[in-house]
Amino acid sequence: MIASPTRLLDSMRAAASARTTLPLLLSASPRKAIPSLAPPPARGLSLAPGLGLPSPCRLPLPRISSMAVASVAAPERHDAGDWYSVPDLSLRDHRFTVPLDYSAAAGSSITVFAREVVAVGKEEEQLPYLLYLQGGPGFESPRPTEASGWLKRACEEYRVVLLDQRGTGLSTPLTVSSLSQIMSATKLVEYLQHFRADNIIKDAEFLRSCLVPDSGTWTVLGQSYGGFCAVTYMSFAPEGLKSVLLTGGIPPIAKGCTADVVYRACFEQVVHQNEKYYKRFPQDVKVICDLVNYLAKAEGGGVSLPSGGILTPRGLQTLGLAGLGSGGGFERLHYMFERVWDPELVPGTGKRISYYFLKAFESWIDFDTNPLYALLHESIYCQGAPSQWSAHKIRGEYDSIFDPIKAAKECRPVFFTGEMIFPWMFDEIHALGPFTEAAHLLAEKEDWPPLYDISRLNNNKVPVAAAVYYEDMYVNFKLAMETASEIAGIRLWVTNEYMHSGLRDNGYQVFEQLIGMLQGKKPWF
């Protein structure tokens, strides 16, 4: 049964009062609370507790097309589709109209899409709800093709909601083409500032009020950046949560933990991953050195890519983002370099990079299809301070290690970079070019609101189980453990069996472990 979209949000605190605190795994000392995320109430607007969400019965929200800026009034705010199926699963699509800016009494709205998933035959069963938050930022939720992995396990006992976070998938998608409708860089920054975790969880609370009977609580599963969002959820709307599962998604939250601190720690792990890669495939040292030398000598410092961009030595290094930190990444990267050169069919034509390799490179670097990742990635570490191209700045501290041209000339391993966005990407990746000015403005933006409330996390009463990957290249282990010490009652499963992609590589086992920890079936110490 789907809850009526006109149900009041004022019952959001229901079911939270009866919770008990789990035994503490890690001690947490009281800290000064970060100011509330909730905006001041607007005149004539009924607000739900905690987040400043508009009550569905008080404010008729407008509905607009995916990127229109002007509001167009429409009465519908929740459309539920009919059930359809893939092997062993039944699915139903939901579209919600929500404010772009929850602090505005009236203004632009956006569409948020979510897909409800149950095991076949359980469509009408009263099951607890589980919300899945995807990694990113800027990536849509999975599109199920069958019952497999963590989704198969979750559907054994849950009604799963796959949320396309705002700006992704079918939730007012911010694509290269749609973003081009906003001509002013300043206006684009004003628009993009509403697409961080603080507003993602406001959307989640809105969906919960419409989907969960009696506006009851639900469980949240957060992978990677989705885990960051889940911790934001715990900080500002814990009354909506029954429990939380985190997989490679414990964010750095300390007040002094700036983007610089995060990237400095990340570079250390990236160095380690590079060393492991070349130990596995020592024959790639020469192949990649030859390629870097070829690119450096090419006119303009690189070669043209099929999309119109340019592949340079520093651009080549960005393959580490997809190749060094996930299961099977080393192997896929190695096999990609096996086909870097075209055969010389006609003697004297000379060495040439294959179209296969250039196309494969662009397929790995998917900023053209998900530009939100490039534009907002550094902002996920910002609270009241600018990023100022932090990854680029910290890379300068490691220049002797990461200078690709110098390494190639010395015939030593060319190190790849990791999950980092650099300003020159907006020059070398053709699709990102129009957003260069906006990217620089975002890097200098100072007034980012808080994403976490450490005081509330210190007193957390939401049951939490987290998979922490010891050699995680994307979410630094040391920083994750520091944050875990601030979350009361968190239960940790620390493992080196999986990398950051554990939920994708063996999702059934990872989900089973975390659920077992919450239900007392698995040891957690």
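The values are calculated or read from the model by the stated rules, or taken from the named source; none is laboratory data. All of these numbers come straight from a predicted model, not from anything done at the bench. For neighbour counting, all protein chains shown are included, and Cβ atoms are generated from backbone atoms with ideal geometry for every residue, glycine included. With ligands, DNA and RNA removed, areas are computed over all heavy atoms of the protein, side chains included. Shrake-Rupley method; radii C 1.70, N 1.55, O 1.52, S 1.80 Å.
See the values below:
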{"quantity": "All helices (runs of 4 or more DSSP H) inside the range 382-468 with 3 or more residues being open to solvent by 10 Å² or more (accessible area, probe 1.4 Å), touching a Pro at 6+ places or on another chain (Cβ under 8 Å) and under 30 Å from LEU246 (Cβ atoms)", "calculated": "454-458"}
{"quantity": "Residue check, LEU246 in contact with a helix residue (DSSP H, G or I) (Cβ under 9 Å, 6 or more places away or on another chain), of a type outside the set (Val, Ile, Thr) and either over 21 Å from GLY138 (Cα atoms) or in contact (Cβ under 8 Å) with a residue 60 or more places away in the chain (or both)", "calculated": "yes"}
{"quantity": "Hits in the range 473-496 - residues which are among the basic types (Lys, Arg) and under 15 Å from LEU514 (Cβ atoms)", "calculated": "ARG491"}
{"quantity": "Selection from the range 327-368 of residues that are open to solvent by less than 40 Å² (accessible area, probe 1.4 Å) and over 30 Å from LEU179 (Cα atoms)", "calculated": "GLY327, GLY328, GLY329, PHE330, LEU333, HIS334, MET336, PHE337, VAL340, GLY350, ILE353, SER354"}
{"quantity": "Enumeration of residues in the range 354-381 that are under 19 Å from ASN293 (Cα atoms) and assigned to a helix (DSSP H, G or I)", "calculated": "TYR355, PHE357, LEU358, PHE361"}
{"quantity": "Checklist (1) β-branched (Val, Ile, Thr); (2) outside the structural domain of TRP150 (by the TED database); (3) closer than 18 Å to TYR469 by Cβ applied to VAL287, failing item", "calculated": "(3)"}
{"quantity": "Pairs where the first residue, in the range 489-518, is in contact (Cβ under 8 Å) with a residue 24 or more places away in the chain and open to solvent by 30 Å² or more (accessible area, probe 1.4 Å) and the second is outside any loop (DSSP other than H, G, I, E, B) and of a type in the set (A, V, I, L, M, F, W, C), C-beta under 6 Å, 6+ apart", "calculated": "TRP493/ALA467; VAL494/VAL468; LEU518/ALA465"}
{"quantity": "Breaking point among (1) assigned to a loop (DSSP other than H, G, I, E, B); (2) under 17 Å from VAL468 (Cβ atoms), for LYS255", "calculated": "(2)"}
